[in-house]
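Report on one structure; see the data block that follows.
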Amino acid sequence: MAKLVLSSDGVITKEFLLEQEVFNIGRKSQNDIQIDDISVSGTHARVLVEQNFYMENLKDVYIEDANSTNGTYVNGKKIKKHMLRHGDMIQIGRHEFKFLDDDAPDFDKTVVIAPTTENVAKEPVPEPVPGAAPSAADQSEQPPKQAVKLAYVKVLSGPKAGKELDLVKSYTSMGNAGTMIVIAKRQQGYFVSHVSGKSEKHGSFPTVNENPIGAQSVPLQDHDIIDIDGLKLEFAIR
């Protein structure tokens, strides 16, 4: 379960389990988390616990500033509203909270995505001219890195059909009936991997264009159709 760990001057003073949908933080006594300090506004910020858009057993946690005098900061940056990730540091006045979520999937460690050499076209390497010295351009010129185009997924089935989700994060998790996938945004493009679960209805893994997603990550192309145990999604480039 997600929780906030409060510390002051580096000393842990209290832990708060995020068991309800809204937690108000501030100096006044009616707040769910009261901080009796003049650097904290009466109602300084609130924590919002919301159902994940795709995963029934996953919650998204946000911190939102409540027009406080001194502002709310996450990892040193002033925010208005911010989705929290495991390990984020929240500063409210002179006090710090650490956000911990033991149930959060650690995609940075568990998902390894790399393009296979089979899909990488090999460019012919010109043979060096005998006696010719390498030019300055050959030594210094590097191919410019191209920005990854913004992509999104569109829900094609179920009660949320028509909804769209921009893939702005490095890893975006989604799933249905206990089956989870993750879409990774990389320099080479977008890749989908099967993380956990298996279809109870069909006894199969998630698919891309009706091809099962196996142990290797699968590169996504514009208008690919992803099927997660009956939840159909369209991957598209904006």
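A few notes on this one:
- Per residue Cα convex hull volume in Å³ - calculated over segment 1-99: 94 Å³
- Out-of-range pairs (alpha-carbon distance over 32 Å; input 14/163; 98/169; 77/185): 14/163
No value in this document is a laboratory result; all are computed from the given coordinates. Just so you know, these numbers come straight off a predicted model, no measurement behind them.
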